[in-house]
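Written below as structure tokens is the structure these notes are about.
The values are calculated or read from the model by the stated rules, or taken from the named source; none is laboratory data. Quantities reported herein were computed from a predicted structural model and do not represent experimental measurements. Backbone-built Cβ (ideal geometry, glycine too); neighbour counts: all protein chains shown. Note: accessible area is taken over every heavy atom of the protein model, side chains too, but ligands, DNA and RNA are not part of it. Shrake-Rupley method; radii C 1.70, N 1.55, O 1.52, S 1.80 Å.
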Amino acid sequence: MRVCLGAQQLINRVSIHPVSPSAAVRWRAAQTRLFCRTTEEEKPRPSMLRHLTSKIKATGPITVAEYMREVLTNPVTGYYVRNNMLGPEGDFITSPEISQIFGELIGVWIISEWIGAGQPKQLKLVELGPGKGSLASDVLRVFSQLRSVLGEASVSLHLVEVSPTLSRLQAQILTGNCSQEADAEDEPVYRRGETAAGLPVSWYRRLADVPTGFSIFFAHEFFDALPIHKFQRTEKGWREVMVDIDPEKPDQLRFVVAPSPTPASSALIQADERRSHVEVCAEGGVIIQRIAQRIAGDGGAALIADYGHNGTKMDTFRGFKDHQLHDVLSSPGSADLTADVDFSYLRRMAGQGVASLGPIPQRTFLKNMGIDSRMQVLLRNCSDASTRKQLISSYNMLTNPTEMGERFHFFSLLQHSRLAKPKTVQGLNMDKKSPAPLPVAGFTELSFS
Ligand code: SAH
């Protein structure tokens, strides 16, 4: 039987179980990507710079993508691999860390799409770049609250995480002590565990290792951390921007423009490109292609939230360290590196096999998902003045256009059938219509009673 519960009914049901309002606030006066330093980070890290300079001396200037990949995810000294950079003790804060309402609404979105897909018996939740595990944990809380809606569906959680440090934190939050690392280093599933409710959780380094089947993919601030290539329009045509050693200061790096085309500059620039400077995240393109193929073949959906643009911005590569914008080439490995996500590129790489929605601003998505009614429930249950203030401040942080409300965007991939117009069957005496598809939550304005 097809249960036609819409997103607003799901949110109403979640609202019956209000969390303690103080628990809904994780972090008080938050700024994105601008936070305190870890003690580990205070130590000088010459090894990353040494590693990069010897690489450049051996093979010549490296692409920005190679630079970014080494700095962020080098298995020994990479920024993500060594640090816990999120939250009050780290370098920056993200929406799931600001308030659990964010993850709860994403949990409702996932269940709503599972219903929209006809409630398949197996549901794989696949998160890319889970950070501290807060988003997955908030999603799973909604799953527990809506257990009766999920019926007999068998749900499992699959986390794609390159950082062993963060995977341990995720395991702690999601499974307590119920997880185990794989014996061999090259196992595709490098950690397995189980939540308190008995839901299986598995960790992978790459999306390609996640088993197939109906899956809902979600990624928050993941695509912006993937390596980008940078290109500059010159009189001689497009040239790739590379990273080289500064000849006057051998312990410093600098940008140079490649004198002739590189494989990336020949392959990654669109013939009708009008900008003078372009950033292309080829790795993100490959990942979105894989997600799209899986959605088209096995069913499911993807929800991607990040800061980004629709193919209009040029130079967005930046570093963050010590509450400040940080020179991307200085003290590599000690700061976060990031670039805005080009959603038009993701859409193009996803291809014609799937439908896409967005990007729409975070503020619009969260309001469509019912953040205002959720807030009202929390505020109604909260008499403590300081907690009320914190709730309002975190709501403001997530939705205000000058904070994260318009800088962050939501983008979704769906099966074409999910959005198909109802078919009309011509009968003898009457026209019979198949039911209209449920609206896609978050991307459609819903009315809340
Ligand atoms: N989604 C979280 C964390 C964002 S930080 C949040 O919003 O709070 C980026 C996350 O992606 C980290 O968990 C980092 O370790 C992971 N990551 C970065 N590059 C990755 C890669 N190439 N493969 C898998 N995970 C990666």
Does region 208-218 contain any residue that is without any contact (Cβ under 8 Å) to a residue 60 or more places away in the chain and either open to solvent by less than 30 Å² (accessible area, probe 1.4 Å) or within 15 Å of the ligand (Cβ to nearest atom) (or both)?
yes
Complete set of residues in region 219-240 that are of a type outside the set (Gly, Ala, Ser) and more than 12 Å from the ligand (Cβ to nearest atom)
ILE228, HIS229, LYS230, PHE231, GLN232, ARG233, THR234, GLU235, LYS236, TRP238, ARG239, GLU240
Only one of GLY353, GLY370, GLY358 is open to solvent by 10 Å² or more (accessible area, probe 1.4 Å) and at positive phi; which?
GLY358
Single residue of ILE106, ILE173, ILE101, ILE111 found to be touching a residue at least 12 places away in the same chain (Cβ under 8 Å), closer than 21 Å to ILE216 by Cβ, buried (at least 22 other Cβ atoms within 10 Å of the Cβ) and in contact with a Lys or Arg (Cβ under 8 Å, 6 or more places away or on another chain):
ILE101
Output the residues belonging to region 190-207 that are assigned to a strand (DSSP E or B) and either within 12 Å of the ligand (Cβ to nearest atom) or of a type in the set (Ser, Thr, Tyr) (or both).
TYR190, SER202, TRP203, TYR204
Show me the strands (runs of 3 or more DSSP E) entirely contained within region 226-321 in which 3 or more residues are of a type in the set (Ser, Thr, Tyr), surrounded by fewer than 19 Cβ atoms within 10 Å (Cβ to Cβ) and on the phi < 0 side of the Ramachandran plot.
none
For GLN252, only one of the following conditions fails: (1) modelled with pLDDT of 95 or more; (2) under 30 Å from THR399 (Cβ atoms); (3) polar (S, T, N, Q). What is its number?
(2)
Considering only region 114-129, how many residues are within 15 Å of HIS158 (Cα to Cα), open to solvent by less than 10 Å² (accessible area, probe 1.4 Å) and not β-branched (Val, Ile, Thr)?
4
Can you confirm whether GLU66 is away from the ligand (no atom under 11 Å from the Cβ), acidic (Asp, Glu) and farther than 18 Å from VAL210 by Cβ?
yes
Enumerated strands (runs of 3 or more DSSP E) restricted to region 332-430, each holding at least 2 residues that are farther than 21 Å from VAL280 by Cα and modelled with pLDDT of 95 or more:
355-361
Within region 379-406, the count of residues that are open to solvent by less than 60 Å² (accessible area, probe 1.4 Å), within 26 Å of ILE360 (Cα to Cα) and aliphatic (A, V, I, L, M) comes to 4
Can you pull out the residues in region 150-170 that are more than 30 Å from GLU185 (Cβ to Cβ) and open to solvent by 20 Å² or more (accessible area, probe 1.4 Å)?
GLY151, GLU152
